[in-house]
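One structure below.
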Amino acid sequence: MIDIETVTRIRQLHHAERWPIGTIAAQLGLHHETVERALSEEAPAEPPPRASQLDPYLAFTREILAKYPRLTATRLWHMLRERGCPLSTRQVRRKVAELRPVPREGFLRRRTFAGEEGQVDWASFGHVLIGSARRALSAFVMTLSYSRMLFLRFFFDQSLENFVRGHVEAFAAFGGVPRYLLYDNLRAAVIDRHGDAVRFNPRLLELAAHYHYAPRACRPARGNEKGGVERSVRYARDSFFAARPFTTREDFNRQALVWRDEIAARRPWPEDDRKTVADAFAEESTRLLPLPTHAFETDLVLPVRSGKTLYLRFDLNDYSIPPTAVGRALSLVASETTVRMLDGTIEIARHRRSYDRHRRIEDPAHIEALLSEKRRARGSSPCARLIGAVPSAEAFLEAAFQRGESVALTTERLLLLLDDYGAQELRLAMEEAQARQTPRVGSVVYILGKRRRQSQRRPALPVDLSRRPDLKDLYVKPHASETYDELSRSDDDDDERE
């Protein structure tokens, strides 16, 4: 027995090359009868198909699948079982896969004029870690349908702001705008659809009005209509993204730009392989719509209001604001790189945007302003005013509190004595009262009075009646000075008894 390859070789040498049987036998090392038998035997017939338990039901199965080509194999199995078919669900499923008609739709090749159309889509490239944040890495892709020139830009989400930002940067990179842009039915472009009636996102319509192009939407389940951008996405995955380490988004976008200019733009143009994509784009760039004077505004604007703290939360992070803006209605304006806070039209804070999470981004000036405000607030309290004038008053108040005195009432009375006697006299009187272990206002009043009487050289302090306007016209009848001398001697005797 010889294999089929040898039989094929024998027949080719004999019938095509006209070799005689002896020559073939000598060259292939075979017996001449083996060569004769290979030439005389007909090709082996295919083995007859094995009988199947589904054979009696084949006509019924084909009829049902022809009438209902999308009928599930499970439902068909139930129908066959009711008719006596003994096969299992798995056996019926395998047979249905062979018998089910597969419709094939033919497509015409789309052709567009230069500068006529571009195609836009998002592409997901997994996730990356930015600090402790897990961010989705997505690429905005725009492809010019005529030249196949593409634009690739990576973002950390597929938000509407990044969708608009991708358009603006693509138009700037191309140096112009195609007359139409074709979109899949993604939410950033199409917010509602009924048949051929499409309701585009209002933000996208503002962008289109600014750059004078018309948006168009693919029909549902018609991916062939924007095959150009889908091929660009697949090409970017295989040629650029595969096995390329991620460092930073800025560096990744820089590498994508170099790859586009040095590799993607130099590939053969599909319409004429004698040209490159760059050559076709040079022709198409003259047909694009000119750019407007000013680029479309792409920053995200949000109304915000802080709580009791000095921070506003945005995109998983906290950004500081001036203490004077706490609790007020503000506007947050976020770009790719910065986060700004506006009070009306006035910018009150600016920070570099962070893509980490649970980070606190602070301006040292905001923290210092808050601390200064806190210090001023502490200085405005009665206790702070007293301690600021007489630092030793803090120890006096602590001792008074330990003896059961009211700190608030003691502070209030000591402030009155501060106004009447001054800080120096009050400090000496409180220190003396503490030394006598009598930290009470009454003791301080007594010591102040005694020191005034003992210091005859000091002029009498004027009495402040600003808090008692009812005593302004009060007349006090003067007494003889001998009476005061007698009282002074009496006070000295009491002092000695203590």
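The values are calculated or read from the model by the stated rules, or taken from the named source; none is laboratory data. This structure is a prediction, so every number in the text was calculated from the model and none was measured. Cβ coordinates were reconstructed from backbone atoms using ideal geometry, including for glycine residues, and neighbour counts include every protein chain displayed. With ligands, DNA and RNA removed, areas are computed over all heavy atoms of the protein, side chains included. Shrake-Rupley method; radii C 1.70, N 1.55, O 1.52, S 1.80 Å.
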For Asn201, what residues show an amide H to amide H distance below 5 Å, using hydrogens built from the backbone and excluding near sequence neighbours? Val190, Ile191
Which translational diffusion coefficient, to the nearest whole µm²/s, is obtained for region 114-220 from the Stokes-Einstein equation, given a Kirkwood hydrodynamic radius over C-alpha pairs, 37 °C and 0.692 mPa s? 227 µm²/s
7 Å from Cα along Cα→Cβ at both His358 and Arg440: what's the point-to-point distance in nm? 5.6 nm
Quick check: residue separation of His15 and Thr324 times 0.36 nm, minus the Cα distance between them. What number comes out in nm? 101.1 nm
Run the 1.4 Å probe and let me know the accessible area of Glu394, rounded to the nearest 10 Å². 120 Å²
Once you place label points 7 Å from the Cα toward the Cβ at Ala384 and Ala66, how far apart are they in nm? 9.5 nm
Modelled label-to-label distance, Asp299 and Arg254, 7 Å Cα→beta-carbon offset: nm? 2.5 nm
On the formula 1/(1 + (r/R0)^6), with r taken between the Cβ atoms of His78 and Thr345 and R0 of 56 Å, the FRET efficiency rounded to 0.05 is 0.20
Report Leu409's accessible area, 1.4 Å probe, all protein chains in place, as a number in Å² to the nearest 10. 80 Å²
I need the phi-derived Karplus couplings for region 325-342: 6.51 cos²θ - 1.76 cosθ + 1.60, θ = phi - 60°, integer Hz, Gly and Pro marked x. 9, 5, x, 9, 6, 10, 10, 9, 10, 10, 10, 5, 10, 10, 10, 10, 10, 10
Which whole-Hz ³J(HN,Hα) couplings does region 148-158 yield from phi under the Karplus relation 6.51 cos²θ - 1.76 cosθ + 1.60, θ = phi - 60°, glycine and proline marked x? 6, 5, 10, 10, 10, 9, 9, 9, 9, 6, 10
Ranked output for segments 284-296, 413-425 by mean other Cβ atoms within 10 Å, highest leading, reads 413-425, 284-296
Please list Thr337, Thr112 from largest to smallest accessible area, probe radius 1.4 Å, with all protein chains kept in place. Thr337, Thr112
Pairs of alpha-carbon atoms within less than 8 angstrom and 6+ residues apart define the contacts here; what relative contact order does region 109-235 have, in percent? 25 percent
With all protein chains in place and a 1.4 Å probe, Thr338 shows an accessible area in Å² (nearest 10) of 40 Å²
Just to check I understand the Karplus step: with θ = phi - 60° and J = 6.51 cos²θ - 1.76 cosθ + 1.60, what whole-Hz values come out for region 419-428, glycine and proline as x? 5, 7, 10, x, 5, 5, 5, 5, 5, 5
With a 1.4 Å probe and all protein chains in place, put Ser406, Ser372 in order of accessible area, largest first. Ser406, Ser372
Local net charge near Glu284, Cβ-Cβ under 11 Å (Lys/Arg +1, Asp/Glu -1): -2
Cα gyration tensor category, rounded, prolate or oblate, for region 175-262 with a/c compared to 1.5: prolate
Toy charge model, Lys and Arg Cβ at +1, Asp and Glu Cβ at -1: region 191-346 dipole around Cα centroid in debye, rounded to 20, equals 460 debye
Extension gain Glu5-Gln454, at 0.36 nm per residue separation less the Cα-Cα distance, in nm? 148.0 nm
So if each residue of separation counts as 0.36 nm, and I subtract the Cα-Cα distance between Asp55 and Leu160, what length gain in nm does that give? 32.1 nm
Hey, for a label at Ser335 modelled as a point 7 Å past Cα toward Cβ, could you say which residues of region 292-307 have their backbone N under 17 Å away? 294-302
